[in-house]
Amino acid sequence: MPYYSAITNPVYKPAVRDISAITQSLPATVTTSFEHSYLTGLIIRLYIPFDYGMQQINGFQGTITVTSSTEFTIDVDSTFFDAFVIPTETPPQPLGQVAQVVPIGEDASILTQSLVNVLTPQF
């Protein structure tokens, strides 16, 4: 029977994506700047710098439902939130931060989001 141990510096890292839009709706729809490769059931956290507006959703954690290769919905009513805007400054301040979605977990009985196994067999 092989023995498995975790690699100190794992190969798999969550796919952080830049956000290009968030709707004011229920559920809120998040659009990424390019294909996100996420699957329904992924748990994410949103980071929204002040210059992007919609501070009411900053730090939100929740499970997503994928609707297209660049869009997913989150179970939050953002109808009356401030509008999400892309700042006109280049780069956005402070320190060039951009709005991002960061995967933090998975709501599933089988890990389907991890594309690379970080465990190696030890014989």
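Candidates in the stretch 22-42 are the residues that are surrounded by fewer than 16 Cβ atoms within 10 Å (Cβ to Cβ) and aliphatic (A, V, I, L, M); of these, the one that is nearest to Glu106 (Cα to Cα) is Leu39. The residues of the stretch 20-42 that are at pLDDT 90 or above, out of contact with any helix residue (DSSP H, G or I) (no Cβ under 8 Å at 6 or more places or on another chain), among the aliphatic types (A, V, I, L, M) and part of a strand (DSSP E or B), listed by number, are Ala21, Val30.
Every residue, every condition in (1) in contact with a His (Cβ under 9 Å, 6 or more places away or on another chain); (2) over 15 Å from Ser25 (Cα atoms); (3) at pLDDT 85 or above, yes or no:
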residue: Gly62; (1), (2), (3): no, yes, yes
residue: Thr65; (1), (2), (3): no, no, yes
residue: Glu71; (1), (2), (3): yes, no, yes
residue: Asp77; (1), (2), (3): no, no, yes
residue: Ala83; (1), (2), (3): no, no, yes
residue: Thr90; (1), (2), (3): no, yes, no
residue: Gln93; (1), (2), (3): no, yes, no
residue: Ala108; (1), (2), (3): no, yes, no
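Filtered by the rule that a residue be over 18 Å from Val98 (Cβ atoms) and either in contact (Cβ under 8 Å) with a residue 12 or more places away in the chain or assigned to a strand (DSSP E or B) (or both), the stretch 56-71 gives Gln56, Gln61, Gly62, Thr63, Ile64, Thr65, Val66, Thr67, Ser69. Scanning the stretch 46-60 for residues that are surrounded by fewer than 16 Cβ atoms within 10 Å (Cβ to Cβ) and at pLDDT 95 or above yields Gln55, Gln56, Asn58, Gly59.
The values are calculated or read from the model by the stated rules, or taken from the named source; none is laboratory data. Remember, it's a predicted structure, so these values are computed and weren't measured experimentally. All Cβ positions, even for glycine, are placed from backbone atoms using ideal geometry, and neighbour counts span all protein chains on display.
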